[in-house]
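The values are calculated or read from the model by the stated rules, or taken from the named source; none is laboratory data. Everything numeric here is computed off the predicted structure, so don't read it as measured data. Using ideal geometry, Cβ is built from the backbone for each residue, glycine included, and neighbour counts are taken over all protein chains shown. Only protein heavy atoms, including side chains, enter the accessible area calculation; ligands, DNA and RNA are left aside. Shrake-Rupley method; radii C 1.70, N 1.55, O 1.52, S 1.80 Å.
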Amino acid sequence: MKYLVMGNSGSGKSTFARELQQVTQANLLPLDFLWHQTNYSEEAQAWFRSEQEKFIRTNEHWIIDGNYLGTSDLRFNHADTLILLKVPRLLSLFRVISRSFKRRINPASRPDMPRTFQEKFDREYLDFLIYIWQFPNKQVVELEKILQEQSNKIQVVILKSKKDKKIFLQELTEKKRRKES
C-alpha cells in the first residue's frame, strides 16, 4: 500500500503516520524533515522533488506525511490512499503553539523535524499561524481540486478525531491479521 497523510498543521499527521507505519511496516517519509533541512532555494525545491521521486521509486510500500501541494502531483500519481486529517482549526493552532514551546525545551520532541530547524516567534511564525487558520478554506479547497484532476482513483479517508484514527488503525490491524492467518 502507498499512503499519503495530509491535513492542517497540528492535525496530528506525523504522529498518525508513525502509528500507521507500526501497523503496516511501510517505509515512512516525513516531508517536513526533508524540506526544513534545506535553504528553501530553487535548488532546494528541485532536490525536495527528486528525493520524493527517489523514495517512491525505491519503496514498494510507503507512507508520505505532509502536504506540500506544489509537489503533490508526483505523490498522487503513485498513491493508493489519501488519509486526510480534519480537526478544528482552534485545536490545530493550540497544538502547533504547544509543540513549538515543547520543541524549544526539547528538540527531540519532534522527530519529524531536523535537529537544525529552529522556529522563531516572529512575523514568519505569525504568517504560519494565519496559514493554519485559513487552511480549511484555502488548502483543502485546492486539495479537492487536485483530487478531481487526478487520473488515478485514489481512495480518500477522512479522519476527524482521535477516535476515528484509532478505529482506522484497529481495522487495518485486523485486516492485516486476517491476511496473515
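Could you tell me how far the Cα centroid of region 161-181 sits from the Cα centroid of region 16-90, in Å?
Cα centroid of region 16-90 versus Cα centroid of region 161-181: 22 Å apart.
Loop-only GluC sites (Glu not before Pro) in region 1-102, please: DSSP not H, G, I, E or B, and at most 16 other Cβ atoms within 10 Å.
When the GluC sites (Glu not before Pro) of region 1-102 are filtered for loop state and at most 16 Cβ neighbours within 10 Å, E60 remain.
Percent relative contact order of the chain, based on C-alpha pairs within less than 8 angstrom and at least six residues apart?
On the way: 205 pairs, mean separation 61.4, N = 181.
Contact order relative to length: 34 percent.
Given a 1.4 angstrom probe, what's the average accessible area per residue across the chain, in square angstrom? Write down the numbers at each step before the final one.
Numbers: 10780 Å² over 181 residues.
Per residue, the chain has 60 Å² of solvent-accessible surface.
Taking a ≥ b ≥ c as the square roots of the eigenvalues of the Cα gyration tensor of region 99-181, is the shape rounded (a/c under 1.5), prolate (a/b larger than b/c) or oblate? Don't skip to the end; give the middle numbers.
Values: a/c = 2.57, a/b = 1.37, b/c = 1.88.
Judged from the Cα gyration tensor, region 99-181 comes out oblate (a/c at least 1.5, b/c at or above a/b).
Rounded, prolate or oblate: which fits region 136-181 when a ≥ b ≥ c are the square roots of the eigenvalues of the alpha-carbon gyration tensor, with rounded for a/c under 1.5 and prolate only if a/b beats b/c?
Numbers: a/c = 7.05, a/b = 1.72, b/c = 4.10.
In terms of gyration-tensor shape, oblate.
Out of the chymotrypsin sites (Phe, Trp or Tyr not before Pro) in region 1-45, which ones are loop residues according to DSSP with at most 11 other C-beta atoms within 10 Å?
Working: sites: Y3, F16, F33, W35, Y40; in loops: Y40.
Listed in order of number, the matching sites are Y40.
Give me the percent of the accessible area of region 38-181 that comes from carbon and sulfur atoms, probe 1.4 Å, all protein chains in place. Write down the numbers at each step before the final one.
Numbers: 5040 of 9420 Å².
Carbon with sulfur: 54 percent of the solvent-accessible area.
Taking 2.2 N^0.38 Å as the expected size of a compact globular protein, what ratio does the Cα radius of gyration of region 40-181 give against it, to two decimals?
Normalised by 2.2 N^0.38 Å, the Cα Rg of region 40-181 equals 1.20.
Using each residue's phi in region 119-124, evaluate 6.51 cos²θ - 1.76 cosθ + 1.60 at θ = phi - 60° and report the 3J(HN,Hα) Karplus result to the nearest Hz, with x for Gly and Pro.
These are the phi-based 3J(HN,Hα) values: 7, 10, 8, 9, 4, 4 Hz.
Going highest first, how would you order 132-138, 61-67 by mean Cβ packing within 10 Å?
Numbers: 132-138: 15.0, 61-67: 22.4.
In descending order of packing, they fall as 61-67, 132-138.
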